[in-house]
Amino acid sequence: MTETSEKPVPSLDTLLSLAGQYCLAANGNAITRLVMPANPAHDNVLLEPPKTPLDVYAFAGQHNLADLAVTTSAHLHAVRLSTMSDDVALRMGPVYLHRLVTLLMERERSLERLLLQNPPTHKNCAQKLGSLTDAWMFAVFNLLGADQIRPDVPVGVLRDTLGVIGTELRCETCKLLLDAKIQQVVDGWLNTRRTI
Ligand SMILES: [Zn+2]
């Protein structure tokens, strides 16, 4: 008689905690087997974000577990580098620290580029004051000024923030141009690189 019931898979946090507890760190192969992509525990990172993704990333860097580092990096967009402790930076090492810094900077620049491209001008628009371009530039200026262009801006927040511009517009053509521009920014943001 074969056993068909599936055993519960512990979370990655649990596994890493156990790894540390039982000094498995001394045996790189054991850790690699624990968190390699073929192991269900690795998939848990995708299904359920680790509770302490920065620690998981540092752990991956420390043991050169590239696949785990890549997967975990998708959960690190909200990391504030200025508050990262020396201990965490030392644990992940210069290579993985550099990759993380590059990812976060690239995401920020990507969003900036998307926003700084003005929407197309509606030629001969009847609305002379408060044109779409002016309203757009004003909104982007405010986002920049408020330090809201971050690597972790949720797409819903981005859509809502830019959507407010539409309430100032009276011209239907300008509203359509705005909607198309917002969709372009959202698509660009969704396609921006998410992992190291
Ligand atoms: Zn118009």
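Which order, highest average first, do 149-161, 103-115 follow once you tally other Cβ atoms within 10 Å for each residue and take the mean per peptide?
103-115, 149-161
If I model a spin label as a point 7 Å beyond the Cα along the Cα-Cβ vector, how far apart are those points for LYS123 and GLN183 in nm?
2.3
Report the full-extension gain for the segment HIS98 to THR195: residue separation times 0.36 nm, less the Cα-Cα distance, to one decimal in nm.
33.6 nm
Would you work out the charge dipole size for region 107-190 about its Cα centre, treating the Cβ of every Lys and Arg as +1 and the Cβ of every Asp and Glu as -1, and quote it to the nearest 20 debye?
With only Lys, Arg, Asp and Glu charged at Cβ, the dipole is about 220 debye.
Using all C-alpha to C-alpha distances in region 107-190, build P(r) with 10 Å bins and read off the rounded percent in each one.
The calculated distribution, bin by bin, is 18, 55, 23, 4.
Every number here is computed from the coordinates shown, using simple stated rules; none is lab data. Note that the structure is a prediction, hence the values are computed from the model and not measured. Using ideal geometry, Cβ is built from the backbone for each residue, glycine included, and neighbour counts are taken over all protein chains shown.
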